[in-house]
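Peer 1: Structure in structure tokens, see below.
What follows draws every value from the coordinates through simple rules; no lab data is involved. Treat the numbers as computed from the prediction; the structure is a model and nothing was measured. When we count neighbours, we look across all protein chains shown, and the Cβ atoms used for this are built from the backbone with ideal geometry, even at glycine.
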Amino acid sequence: MLECESYSTENFVEDLIDELDASEESLDIDQINMKMLHNALLHGITPEQYTNELKLLVE
């Protein structure tokens, strides 16, 4: 779980879905990852927390 009251796992997933929908046919994983990491950092999430959350979502 993300450890930030203002940015929950649900918010993270919603943002990820929005980014994937916006990418339409051209899926640039690196660009989406940078946007998602940037958003997480703005909400006080550390890079380690971010990568751990991605790992949990993939499993």
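Peer 1: Please get the size of the charge dipole for the chain, origin at its Cα centre, with Cβ charges of +1 on Lys and Arg and -1 on Asp and Glu, quoted in debye to the nearest 20.
Peer 2: Its charge dipole is roughly 240 debye.
Peer 1: Which semi-axis lengths, in whole Å and largest first, follow from the square roots of five times the eigenvalues of the Cα gyration tensor of the chain?
Peer 2: Semi-axes from the Cα gyration tensor: 19, 11, 11 Å.
Peer 1: Moving on to the next point. Label D21 and L42 with points 7 Å out from Cα along Cα→Cβ: what is the distance between them in nm?
Peer 2: Each label point is offset 7 Å from its Cα along the Cβ direction, giving 1.8 nm.
Peer 1: Under a crude label model (7 Å from the Cα following the beta-carbon direction), how far is I32 from T9 in nanometres?
Peer 2: Roughly 2.0 nm, to one decimal.
Peer 1: What is the sum of charges, Lys and Arg at +1 and Asp and Glu at -1, for the other residues whose Cβ falls under 13 Å from the Cβ of L37? If you can, show how the numbers build up before the last one.
Peer 2: On the way: positive: K35; negative: D15, E19, D30, E48, E53.
So the surrounding residues net to -4.
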